[in-house]
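> Quick one: the structure is below, questions incoming.
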Amino acid sequence: MTFDTLLLPLQSSAGDAVAGLFALLFALVVLVAVVGGMWLTFSKAGEPGWAAIVPIYNVYVMLKIGGNEWWWLLLLFVPLVNVFVTVKMSIDVAKSFGCGVLFGIGLWLLPVVFFPVLGFGDYDYRGPGGSGPSSGQSF
């Protein structure tokens, strides 16, 4: 067995490059959808839209929109507790826009779908936890 035979499985083809390009384009579309949805969601809540692209600060803004305390951000660094915090945070954000628990779970599980729906849809911000006046859609 020669050295060339050992390297044969490590060679790439044009098909691999095309597959990588499609994967990159798909990832960019997903990124733009989530960031765009979060940007508009933050703007509807009276927060700066650019906060959607700032790591950690965007989570703080989501906690603020949902009516949670700032120190919940620290709980995200605790294993297993962070799962509860992210689910609760997503549900609270959904309630702040007049949506139900299922929509909040959707925000948690499929942000690529539910943040654009929330941002581009007819949902109005009702205050932390949905305490404001009722208007817009509900789910």
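Every read-out reported here was derived from the displayed coordinates using simple, explicitly stated rules and does not represent laboratory data. Computed from a predicted model, the values in this text were never measured in an experiment. Neighbour counts are summed over all protein chains in view; Cβ atoms, including those assigned to glycine, are modelled from backbone coordinates with ideal geometry.
> Quote the relative contact order of the chain in percent (integer), defining contacts as alpha-carbon pairs under 8 Å separated by 6+ residues. Present the calculation step by step, with values, prior to reporting the outcome.
On the way: 182 pairs, mean separation 32.7, N = 139.
Across the chain, relative contact order equals 23 percent.
> Enumerate the helices in the chain for which the Kyte-Doolittle hydropathy averages 0.0 or more and the C-alpha atoms extend at least 27 Å along the helix's axis, using complete DSSP H runs.
Membrane-span-like by this criterion, though nothing is claimed about a membrane: 14-44.
> Restricting attention to segment 60-137, which trypsin sites (Lys or Arg not before Pro) occupy a DSSP loop and are surrounded by at most 13 other Cβ atoms within 10 Å?
Taking segment 60-137 and a limit of 13 other Cβ atoms within 10 Å, no loop trypsin sites (Lys or Arg not before Pro) are found.
> Next question, about the same structure. In debye to the nearest 20, how big a dipole does segment 16-130 give about its Cα centre with +1 on each Lys and Arg Cβ and -1 on each Asp and Glu Cβ? Walk me through the numbers on the way to the answer.
Numbers: 5 positive and 6 negative charges, 39 e Å.
I would put it at about 180 debye.
> Continuing with this model, one more query. With each pseudo-label sitting 7 Å past Cα toward Cβ, what's the L74-L21 distance in nm, one decimal?
5.0
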